[in-house]
1. Working only within segment 452-492, note down all residues that are outside any helix (DSSP H, G or I) and more than 16 Å from the chain's Cα centre (by Cα).
2. Mind listing whichever residues of segment 119-150 are in contact with a helix residue (DSSP H, G or I) (Cβ under 6 Å, 6 or more places away or on another chain) and over 26 Å from residue 371 (Cα atoms)?
3. When segment 426-451 is examined, which residues are found to be over 18 Å from residue 370 (Cβ atoms) and in contact (Cβ under 8 Å) with a residue 12 or more places away in the chain?
4. Just name the residue that is nearest to the chain's Cα centre (by Cα) out of those in segment 495-551 that are in a loop (DSSP other than H, G, I, E, B) and free of Cβ contacts under 8 Å to residues at least 60 places away in the same chain.
5. Within segment 294-305, can you find the residues that are closer than 15 Å to residue 118 by Cβ and either without any contact (Cβ under 8 Å) to a residue 12 or more places away in the chain or out of contact with any helix residue (DSSP H, G or I) (no Cβ under 6 Å at 6 or more places or on another chain) (or both)?
6. Among the residues of segment 371-390, is any on the phi < 0 side of the Ramachandran plot and under 24 Å from the mean Cα position of the chain (by Cα)?
7. Which of (1) more than 18 Å from residue 186 (Cα to Cα); (2) buried (at least 22 other Cβ atoms within 10 Å of the Cβ); (3) at pLDDT below 90 does residue 236 not meet, given it meets every other one?
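The values are calculated or read from the model by the stated rules, or taken from the named source; none is laboratory data. Everything numeric here is computed off the predicted structure, so don't read it as measured data. Cβ placement follows ideal geometry from the backbone for every residue including glycine, while neighbour counts extend to all protein chains displayed.
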């Protein structure tokens, strides 16, 4: 351990357990510095006596952390001032392996920059994840249904079957990811498979073929989003996680705007090329891009802090320590995958917040039908696809700023509620009028609902911090359960209810309102847990505040 000596200090060891040091506040060799510091460090006193022991009375030279007790005396020798050396030395001890608090801050800033740069590829992957999932909605505008001879409810069935595979795979996938600890290999491998399946969708010729490709597409795509959330939660502290989750989810939002622009170009420029319909080229091209990015991701994506080889030993130690301090637990002291599964299944909060998320997923089901809803404005297919982009660009900006503010003030519920209520206003406008301008504005208000949805995901990650095995299962289980909302949402927008879709918007209003109510109950529950923790700390005489849930 290193200590910085104060000029003109002399000390004598009076017994095996104590050091006494006499420090003169004025240094004739450094009069300027002494005159500046003395009034603040040693006001009206001439001598500082310092005792150095540890809590167990063990000599400090035996490898134990000493405890500093400091006091100053006046001319009569009575104690009149207690210095704050304890906390300063305690902070230095805590960060000594990183060269002290200041050096740790510099090292931490450098570490976060490295991690952020590597994590940025998750946004690109998520864009492709949603493009490959939702390209059927764009293909519908250029003969997809007619070429596959779809009738009745077969198209919504193709949309919903994806989420059956999605639900089945999420929990086992995250358990496996937590076990192998290699997201840099596992997630890109899944990505290569789903890109291949997307390409195969383009060669189907009937409902059964499309149904099978959609099912297995969901089965493999299920690995990405809960896996990405779990990966983020292994690197970022709670006050950092909301913004990073938002940036990740912006990939989803961008995919809605960028995907329609890409689809517009492909559908208008590739019709009949090499004897294939334009909608088939849509699946070929977008699936091929996914495979190419997956290969790149193998070399960019980080693993977990304990298994990432691109970190220096000091950076790895800091990355691990940050998460220990944030969650109050060493991630290496984790439960088995089986016990994590059991803990998540038996925690009623997991199911409660999963139901709240599911309710909002139904409210956001307009996403899969966005080109159809935009088409009610009365423009041709090309203009319709182009008009889809601005609402999602707006939603991406709102999501970024709302999530950032939520992190800054460490508050979740009111940010969620504000976004959901704004979305409800959009639904009400869409119900109330067929005016083109008003309905287009309503699409902007609906799309920004994703801001609250993203903050809710960050809140969920914050609310199940430990052990890691439970967190991995809880995130996957909640996300998997919420996909029931996508299955139900696929049937909320039947053609018979168009072009007004009043019943559809009414369902969205009801489910969004239910989500707000359930989030409020969840907030009250976490509030009570925080009060209980505070009371226990006071009763035990704890000097420092322990873990608190973000509300």
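1. Within segment 452-492, 467, 490, 491, 492 qualify.
2. Once the filter is applied, which keeps residues that are in contact with a helix residue (DSSP H, G or I) (Cβ under 6 Å, 6 or more places away or on another chain) and over 26 Å from residue 371 (Cα atoms), segment 119-150 yields only 121.
3. Once the filter is applied, which keeps residues that are over 18 Å from residue 370 (Cβ atoms) and in contact (Cβ under 8 Å) with a residue 12 or more places away in the chain, segment 426-451 yields only 428.
4. For segment 495-551, the residue satisfying everything is 548.
5. To start, the set of residues in segment 294-305 that are closer than 15 Å to residue 118 by Cβ comprises 296-305.
Within segment 294-305, 296, 299 qualify.
6. Pass one, segment 371-390, residues on the phi < 0 side of the Ramachandran plot: 371-377, 379-390.
Subset that is under 24 Å from the mean Cα position of the chain (by Cα): none.
Looking through segment 371-390, none of the residues is on the phi < 0 side of the Ramachandran plot and under 24 Å from the mean Cα position of the chain (by Cα).
7. (3)
One line per residue, one yes/no per condition, for (1) crowded, with 21+ Cβ neighbours inside 10 Å; (2) at pLDDT 90 or above:
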site	(1), (2)
166	yes, no
173	yes, yes
179	no, no
190	yes, yes
195	yes, yes
199	no, yes
203	no, yes
